[in-house]
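**Student:** Quick one: structure below, then a few questions.
The values are calculated or read from the model by the stated rules, or taken from the named source; none is laboratory data. From a predicted model like this one, the values you see are computed outputs, not experimental measurements. Cβ: placed from backbone, ideal geometry, glycine included. Neighbour counts: every protein chain shown. Areas reflect the complete protein model, heavy atoms only, side chains present, ligands, DNA and RNA absent. Shrake-Rupley method; radii C 1.70, N 1.55, O 1.52, S 1.80 Å.
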Amino acid sequence: MINKDLILDTVKLLRNAERIIAFTGSGVSAESGIPTFRGKDGLWRQFRAQDLATPQAFADNPRLVWEWYDWRRQIISEKKPNPGHQALAEWSKMFPSVHIITQNIDGFHQKAGSEDIHELHGNIWKLRCTEQGTIREDHTVPLKETPPRCPKCGALMRPHVVWFGEALDMDVLNQAVSLSSKADVMFVVGTSALVYPAASIPFTALESGVKVIEINPESTPLTSNADISIRGKAGDVLPKITKKFQRKPNRSEEKEK
Ligand code: OAD
(Lines give C-alpha, C1' and ligand atoms only; values in the text may rest on other atoms or scores of the structure.)
Protein backbone atom coordinates (compact mmCIF):
# COMPACT_ATOMS: atom_id res chain seq x y z
CA MET A 1 0.00 0.00 0.00
CA ILE A 2 1.34 3.39 -0.97
CA ASN A 3 1.30 5.84 1.91
CA LYS A 4 -1.32 8.45 0.94
CA ASP A 5 -0.04 11.04 3.41
CA LEU A 6 3.38 10.94 1.76
CA ILE A 7 1.77 11.50 -1.64
CA LEU A 8 -0.05 14.52 -0.22
CA ASP A 9 3.15 15.84 1.38
CA THR A 10 4.83 15.48 -2.01
CA VAL A 11 2.03 17.31 -3.81
CA LYS A 12 2.25 20.09 -1.25
CA LEU A 13 5.94 20.52 -1.99
CA LEU A 14 5.22 20.53 -5.72
CA ARG A 15 2.65 23.32 -5.41
CA ASN A 16 5.47 25.76 -4.62
CA ALA A 17 8.06 24.21 -6.93
CA GLU A 18 9.22 25.47 -10.29
CA ARG A 19 12.44 23.56 -10.91
CA ILE A 20 12.06 19.81 -10.73
CA ILE A 21 14.72 17.16 -11.24
CA ALA A 22 14.08 13.46 -11.65
CA PHE A 23 17.19 11.43 -10.94
CA THR A 24 16.48 7.92 -12.19
CA GLY A 25 17.97 4.45 -12.14
CA SER A 26 17.13 1.06 -13.61
CA GLY A 27 14.14 0.61 -11.26
CA VAL A 28 12.15 3.12 -13.31
CA SER A 29 12.37 0.75 -16.29
CA ALA A 30 11.73 -2.43 -14.25
CA GLU A 31 7.99 -2.31 -14.90
CA SER A 32 8.74 -2.14 -18.63
CA GLY A 33 10.43 -5.52 -18.28
CA ILE A 34 14.03 -4.34 -18.35
CA PRO A 35 16.16 -6.09 -15.72
CA THR A 36 17.73 -3.97 -13.00
CA PHE A 37 21.34 -4.61 -11.96
CA ARG A 38 21.15 -5.71 -8.34
CA GLY A 39 17.55 -6.91 -7.92
CA LYS A 40 16.41 -10.56 -7.77
CA ASP A 41 16.91 -11.16 -11.50
CA GLY A 42 19.38 -8.30 -11.82
CA LEU A 43 22.07 -8.33 -14.50
CA TRP A 44 24.92 -8.34 -11.97
CA ARG A 45 23.45 -11.48 -10.37
CA GLN A 46 23.69 -13.38 -13.65
CA PHE A 47 26.78 -11.84 -15.25
CA ARG A 48 30.19 -10.69 -14.05
CA ALA A 49 30.61 -6.97 -14.73
CA GLN A 50 34.37 -7.44 -15.15
CA ASP A 51 33.78 -9.81 -18.09
CA LEU A 52 31.34 -7.53 -19.93
CA ALA A 53 31.42 -3.94 -18.81
CA THR A 54 35.04 -2.87 -18.45
CA PRO A 55 37.61 -1.51 -20.94
CA GLN A 56 39.70 -4.65 -20.27
CA ALA A 57 36.80 -6.96 -21.15
CA PHE A 58 36.35 -5.11 -24.43
CA ALA A 59 40.07 -5.27 -25.21
CA ASP A 60 40.11 -9.01 -24.46
CA ASN A 61 36.94 -9.98 -26.27
CA PRO A 62 35.04 -7.26 -28.15
CA ARG A 63 32.76 -9.82 -29.77
CA LEU A 64 31.56 -11.19 -26.41
CA VAL A 65 30.99 -7.70 -25.04
CA TRP A 66 29.06 -6.70 -28.13
CA GLU A 67 26.97 -9.89 -28.04
CA TRP A 68 25.93 -8.97 -24.52
CA TYR A 69 25.02 -5.41 -25.51
CA ASP A 70 23.23 -6.68 -28.62
CA TRP A 71 21.18 -8.99 -26.39
CA ARG A 72 20.32 -6.06 -24.10
CA ARG A 73 19.43 -3.92 -27.14
CA GLN A 74 17.12 -6.69 -28.28
CA ILE A 75 15.33 -6.81 -24.90
CA ILE A 76 14.94 -3.02 -24.82
CA SER A 77 13.69 -2.90 -28.42
CA GLU A 78 10.86 -5.27 -27.51
CA LYS A 79 9.68 -3.20 -24.54
CA LYS A 80 8.25 0.24 -24.10
CA PRO A 81 8.19 3.05 -21.54
CA ASN A 82 5.80 2.52 -18.62
CA PRO A 83 3.49 4.88 -16.70
CA GLY A 84 6.46 6.00 -14.56
CA HIS A 85 8.37 7.35 -17.58
CA GLN A 86 5.13 8.77 -18.96
CA ALA A 87 4.30 10.64 -15.75
CA LEU A 88 7.73 12.27 -15.77
CA ALA A 89 7.27 13.28 -19.41
CA GLU A 90 3.90 14.81 -18.53
CA TRP A 91 5.52 16.89 -15.81
CA SER A 92 7.48 18.79 -18.49
CA LYS A 93 4.15 20.38 -19.42
CA MET A 94 3.07 20.97 -15.82
CA PHE A 95 6.14 22.73 -14.39
CA PRO A 96 8.33 25.55 -15.72
CA SER A 97 11.49 23.45 -15.61
CA VAL A 98 11.92 19.68 -15.51
CA HIS A 99 15.28 17.99 -16.01
CA ILE A 100 15.81 14.25 -16.11
CA ILE A 101 19.18 13.02 -14.89
CA THR A 102 19.40 9.32 -15.58
CA GLN A 103 21.82 6.48 -15.04
CA ASN A 104 19.84 4.44 -17.56
CA ILE A 105 21.05 3.77 -21.06
CA ASP A 106 17.79 2.45 -22.51
CA GLY A 107 16.50 5.72 -23.99
CA PHE A 108 13.03 5.24 -22.46
CA HIS A 109 12.78 8.78 -21.08
CA GLN A 110 13.22 10.11 -24.64
CA LYS A 111 10.73 7.60 -25.96
CA ALA A 112 8.17 8.65 -23.34
CA GLY A 113 8.54 12.27 -24.44
CA SER A 114 10.75 13.86 -21.77
CA GLU A 115 12.82 16.61 -23.30
CA ASP A 116 15.73 17.65 -21.15
CA ILE A 117 17.62 14.43 -20.46
CA HIS A 118 21.12 14.10 -19.07
CA GLU A 119 22.47 10.58 -19.53
CA LEU A 120 25.22 9.99 -16.99
CA HIS A 121 26.10 6.49 -18.20
CA GLY A 122 25.60 6.99 -21.94
CA ASN A 123 23.09 5.41 -24.29
CA ILE A 124 22.94 1.85 -25.59
CA TRP A 125 21.66 3.04 -29.00
CA LYS A 126 24.83 5.03 -29.61
CA LEU A 127 28.08 3.54 -30.92
CA ARG A 128 31.43 5.27 -30.56
CA CYS A 129 34.45 4.86 -32.83
CA THR A 130 37.41 3.66 -30.74
CA GLU A 131 39.81 5.63 -32.99
CA GLN A 132 38.07 8.92 -33.81
CA GLY A 133 35.57 9.10 -30.95
CA THR A 134 32.75 9.85 -33.40
CA ILE A 135 29.31 8.85 -32.17
CA ARG A 136 26.67 7.26 -34.35
CA GLU A 137 23.11 6.35 -33.41
CA ASP A 138 22.06 2.93 -34.63
CA HIS A 139 18.85 1.16 -33.65
CA THR A 140 19.43 -1.96 -35.75
CA VAL A 141 18.64 -5.13 -33.81
CA PRO A 142 20.47 -7.43 -34.06
CA LEU A 143 23.55 -5.55 -35.20
CA LYS A 144 24.56 -6.21 -38.79
CA GLU A 145 28.12 -7.15 -37.77
CA THR A 146 29.52 -8.14 -34.38
CA PRO A 147 31.66 -6.37 -33.35
CA PRO A 148 30.58 -3.39 -35.46
CA ARG A 149 33.18 -1.32 -37.33
CA CYS A 150 33.26 2.42 -37.98
CA PRO A 151 31.77 3.11 -41.42
CA LYS A 152 34.27 5.96 -41.88
CA CYS A 153 37.60 4.52 -40.77
CA GLY A 154 36.98 0.80 -40.21
CA ALA A 155 38.07 0.88 -36.54
CA LEU A 156 36.14 -1.01 -33.87
CA MET A 157 33.05 0.70 -32.55
CA ARG A 158 32.21 0.39 -28.87
CA PRO A 159 28.94 1.00 -27.03
CA HIS A 160 28.69 4.69 -26.03
CA VAL A 161 28.20 3.76 -22.39
CA VAL A 162 30.29 4.18 -19.26
CA TRP A 163 32.03 1.04 -18.11
CA PHE A 164 33.46 0.21 -14.70
CA GLY A 165 36.81 1.89 -14.28
CA GLU A 166 35.90 4.71 -16.68
CA ALA A 167 35.21 8.32 -15.88
CA LEU A 168 31.84 9.88 -16.60
CA ASP A 169 31.69 12.61 -19.23
CA MET A 170 32.69 15.64 -17.13
CA ASP A 171 30.43 18.04 -19.02
CA VAL A 172 27.39 15.84 -18.43
CA LEU A 173 28.31 15.28 -14.78
CA ASN A 174 29.04 18.96 -14.07
CA GLN A 175 25.80 20.05 -15.65
CA ALA A 176 23.87 17.45 -13.69
CA VAL A 177 25.48 18.60 -10.44
CA SER A 178 24.86 22.26 -11.24
CA LEU A 179 21.18 21.69 -12.10
CA SER A 180 20.76 19.57 -8.99
CA SER A 181 21.99 22.27 -6.68
CA LYS A 182 19.54 24.82 -8.15
CA ALA A 183 16.39 22.69 -8.13
CA ASP A 184 13.43 23.11 -5.80
CA VAL A 185 12.56 19.41 -5.66
CA MET A 186 14.47 16.32 -6.72
CA PHE A 187 12.80 12.95 -7.19
CA VAL A 188 15.16 10.00 -6.84
CA VAL A 189 13.45 7.11 -8.57
CA GLY A 190 14.45 3.46 -8.91
CA THR A 191 18.08 3.56 -7.95
CA SER A 192 19.98 1.65 -5.28
CA ALA A 193 22.06 4.84 -4.84
CA LEU A 194 25.21 2.72 -4.62
CA VAL A 195 27.18 3.61 -7.74
CA TYR A 196 29.39 6.69 -7.55
CA PRO A 197 29.81 9.40 -8.71
CA ALA A 198 26.16 9.31 -9.85
CA ALA A 199 24.96 8.43 -6.35
CA SER A 200 26.50 11.63 -4.96
CA ILE A 201 24.04 13.78 -6.95
CA PRO A 202 21.06 13.50 -4.55
CA PHE A 203 23.41 14.22 -1.64
CA THR A 204 24.72 17.33 -3.41
CA ALA A 205 21.11 18.42 -3.87
CA LEU A 206 20.36 17.88 -0.17
CA GLU A 207 23.38 19.95 0.81
CA SER A 208 22.05 22.77 -1.37
CA GLY A 209 18.69 22.73 0.41
CA VAL A 210 16.81 20.94 -2.37
CA LYS A 211 13.88 18.85 -1.13
CA VAL A 212 14.63 15.23 -2.02
CA ILE A 213 11.85 12.69 -2.49
CA GLU A 214 12.77 9.05 -2.96
CA ILE A 215 10.51 6.57 -4.76
CA ASN A 216 11.59 2.97 -4.41
CA PRO A 217 9.98 -0.27 -3.18
CA GLU A 218 13.05 -0.76 -0.99
CA SER A 219 15.18 1.39 1.24
CA THR A 220 18.58 2.62 0.09
CA PRO A 221 21.51 4.51 1.62
CA LEU A 222 19.62 7.70 0.68
CA THR A 223 16.39 6.82 2.49
CA SER A 224 17.22 8.20 5.93
CA ASN A 225 18.48 11.46 4.40
CA ALA A 226 15.59 12.04 2.00
CA ASP A 227 12.90 14.55 2.99
CA ILE A 228 10.21 12.12 1.88
CA SER A 229 10.68 8.45 1.06
CA ILE A 230 7.80 6.68 -0.64
CA ARG A 231 7.81 2.87 -0.73
CA GLY A 232 6.32 1.82 -4.03
CA LYS A 233 6.88 1.24 -7.71
CA ALA A 234 7.62 4.17 -9.98
CA GLY A 235 4.79 3.20 -12.33
CA ASP A 236 2.30 3.35 -9.44
CA VAL A 237 3.61 6.26 -7.42
CA LEU A 238 4.48 8.82 -10.12
CA PRO A 239 1.06 8.73 -11.86
CA LYS A 240 -0.60 9.00 -8.40
CA ILE A 241 1.38 12.16 -7.70
CA THR A 242 0.34 13.62 -11.07
CA LYS A 243 -3.31 12.78 -10.44
CA LYS A 244 -3.33 14.34 -6.96
CA PHE A 245 -1.45 17.39 -8.21
CA GLN A 246 -3.91 17.97 -11.03
CA ARG A 247 -6.91 17.64 -8.76
CA LYS A 248 -8.04 20.86 -7.09
CA PRO A 249 -6.24 21.04 -3.72
CA ASN A 250 -8.38 19.89 -0.87
CA ARG A 251 -7.70 22.24 2.06
CA SER A 252 -8.12 19.65 4.76
CA GLU A 253 -5.84 17.21 2.95
CA GLU A 254 -3.07 19.65 2.18
CA LYS A 255 -3.33 21.80 5.31
CA GLU A 256 -0.14 22.90 7.06
CA LYS A 257 1.09 20.18 9.36
P1 OAD B 1 20.20 -1.22 -9.18
O2 OAD B 1 19.87 -2.55 -9.73
O3 OAD B 1 21.42 -1.11 -8.35
O4 OAD B 1 18.99 -0.70 -8.32
C5 OAD B 1 17.68 -0.71 -8.80
C6 OAD B 1 16.79 -0.05 -7.77
O7 OAD B 1 15.49 0.05 -8.31
C8 OAD B 1 16.68 -0.82 -6.46
O9 OAD B 1 16.86 0.07 -5.38
C10 OAD B 1 15.25 -1.37 -6.49
O11 OAD B 1 14.68 -1.47 -5.19
C12 OAD B 1 14.55 -0.31 -7.32
N13 OAD B 1 13.34 -0.75 -8.01
C14 OAD B 1 13.04 -1.98 -8.49
N15 OAD B 1 11.85 -1.97 -9.10
C16 OAD B 1 11.38 -0.71 -9.03
C17 OAD B 1 10.19 -0.05 -9.46
N18 OAD B 1 9.25 -0.71 -10.13
N19 OAD B 1 10.05 1.27 -9.21
C20 OAD B 1 11.01 1.95 -8.53
N21 OAD B 1 12.14 1.38 -8.09
C22 OAD B 1 12.33 0.08 -8.33
O23 OAD B 1 20.22 -0.19 -10.42
P24 OAD B 1 20.80 1.29 -10.49
O25 OAD B 1 20.66 2.00 -9.20
O26 OAD B 1 20.23 1.91 -11.71
O27 OAD B 1 26.01 1.44 -14.09
O28 OAD B 1 22.34 0.99 -10.75
C29 OAD B 1 23.21 2.05 -10.89
C30 OAD B 1 24.27 1.71 -11.89
O31 OAD B 1 24.85 0.44 -11.54
C32 OAD B 1 23.76 1.49 -13.31
O33 OAD B 1 23.62 2.68 -14.05
C34 OAD B 1 24.85 0.62 -13.89
C35 OAD B 1 25.02 -0.36 -12.75
O36 OAD B 1 26.25 -1.01 -12.70
C37 OAD B 1 26.84 1.19 -15.11
O38 OAD B 1 26.65 0.31 -15.91
C39 OAD B 1 28.01 2.12 -15.16
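**Student:** For the chain, give the magnitude of the charge dipole about the Cα centre (Cβ charges: +1 Lys/Arg, -1 Asp/Glu; no others), in debye to the nearest 20.
**Tutor:** Taking the Cα centre of the chain as origin, the dipole is about 700 debye.
**Student:** Quick one: how many Å² of Ile2 are accessible to a 1.4 Å probe, rounded to 10?
**Tutor:** So the heavy atoms of Ile2 present about 30 Å² to solvent.
**Student:** Along its principal axes, what span do the Cα atoms of the chain show, with the longest given first and each in whole Å?
**Tutor:** The principal-axis extents, from largest down, are 65, 32, 31 Å.
**Student:** Under 14 Å from the Cα of Lys144, which aspartates and glutamates turn up, not counting those fewer than eight places away in the same chain?
**Tutor:** By straight Cα distance, Lys144 reaches Glu67, Asp70.
**Student:** Let me ask something additional. Restricting things to alpha carbons, find the Rg to Rh ratio for the range 193-251 using the Kirkwood radius for Rh.
**Tutor:** The Rg/Rh ratio comes out at 1.04.
**Student:** Keeping the other protein chains in place, figure out the carbon and sulfur percent of the accessible area of the chain, with a 1.4 Å probe.
**Tutor:** Answer for the chain: carbon and sulfur cover 49 percent of the accessible area.
**Student:** Let me ask something else. Which value at 222 nm does the chain reach when only helices count, each DSSP H run of 4 or more adding -39,500 (n - 2.57), with the total divided by all residues and rounded to the nearest 500 deg cm²/dmol?
**Tutor:** For the chain, the value works out to -10500 deg cm²/dmol.
**Student:** Toward the positive end of the charge dipole of the range 30-144, about the Cα centre and with charges on Cβ (Lys, Arg +1; Asp, Glu -1), which of Ser97, Trp71, His121 goes farthest?
**Tutor:** The one lying farthest along the dipole's positive direction is Trp71.
**Student:** Restricted to Cα positions, what overall size does the range 61-120 have along the principal axes? Three whole-Å values, descending.
**Tutor:** Rounded to whole Å, the extents work out to 47, 22, 12 Å.
**Student:** May I ask for the longest run of the chain untouched by GluC sites (Glu not before Pro) that are loop-located per DSSP and have at most 13 neighbouring C-beta atoms (other than their own) within 10 Å?
**Tutor:** Longest run free of exposed loop sites: 19-77.
**Student:** Okay, moving on. Please report the spacing between the Cα centers of the range 75-123 and the range 176-198 in Å, no decimals.
**Tutor:** Spelled out, the Cα-based centre of one part sits 14 Å from the other.
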